[in-house]
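Peer 1: After the structure tokens below, expect a handful of questions from me.
The values are calculated or read from the model by the stated rules, or taken from the named source; none is laboratory data. Note that the structure is a prediction, hence the values are computed from the model and not measured. Virtual Cβ from ideal backbone geometry, glycine too; neighbours counted across all protein chains shown.
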Amino acid sequence: MEQTLRGIVAKIAEISPDFDANASMRDLGVDSVRNLEIVFEIEKVLGVNVPENRYAEVKTFNDIAKLVASLKT
């Protein structure tokens, strides 16, 4: 799942998928619009529903991975 998530973030942020998982989304070049694009792509590709009130939890790639993992259980 991590590779899939990395691919989604890398594609939307237009960066290499080898980015630092602890880097802030802002440092990866992800603004609020791109952040929403990432969430929508995750929902589409992984078939999870990310509640709007959880968007604010996402500060780093690791936050995305944890959030998606919690929604997949």
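Peer 1: Under 9 Å by Cβ, and 6 or more places apart or on different chains, what pairs join a residue from the range 35-58 that is among the polar types (S, T, N, Q) with one that is at pLDDT below 90 and surrounded by 17 or more Cβ atoms within 10 Å (Cβ to Cβ)?
Peer 2: N35/V58
Peer 1: Taking the condition over 17 Å from L71 (Cα atoms) and out of contact with any Pro (no Cβ under 7 Å at 6 or more places or on another chain), does E14 pass?
Peer 2: Judged against the criteria, E14 is a match.
Peer 1: Going by the structure shown, is N62 in contact (Cβ under 8 Å) with a residue 12 or more places away in the chain and exposed (fewer than 13 other Cβ atoms within 10 Å of the Cβ)?
Peer 2: Working: in contact (Cβ under 8 Å) with a residue 12 or more places away in the chain: yes; exposed (fewer than 13 other Cβ atoms within 10 Å of the Cβ): no.
The answer is no for N62.
Peer 1: Which of the residues belonging to the range 1-30 are outside any loop (DSSP other than H, G, I, E, B) and either β-branched (V, I, T) or over 15 Å from T60 (Cβ atoms) (or both)? If you could, list the steps in order and put the result at the bottom.
Peer 2: Kept after step one, since they are outside any loop (DSSP other than H, G, I, E, B), are these residues of the range 1-30: 2-13, 24.
Matches in the range 1-30: Q3, T4, G7, I8, V9, K11, I12.
Peer 1: What are the residues in the range 16-51 that are more than 13 Å from L5 (Cα to Cα), basic (K, R) and loosely packed, with under 14 Cβ neighbours inside 10 Å, if any?
Peer 2: R26
Peer 1: Anything in the range 22-35 that is of a type in the set (A, V, I, L, M) and either over 10 Å from the mean Cα position of the chain (by Cα) or more than 14 Å from A10 (Cα to Cα) (or both)? List them, or say none.
Peer 2: Selection gives A23, L28, V33.
Peer 1: Which members of the range 36-66 meet the condition of being of a type outside the set (G, A, S) and farther than 13 Å from I8 by Cβ?
Peer 2: Within the range 36-66, N49, P51, E52, N53, R54, Y55, E57, K59, T60, N62, D63, K66 meet the criteria.
Peer 1: Another question about this same structure. Can you tell me which residues in the range 42-66 are under 9 Å from the mean Cα position of the chain (by Cα) and assigned to a helix (DSSP H, G or I)?
Peer 2: Selection gives I42, F61, N62, D63, I64, A65.
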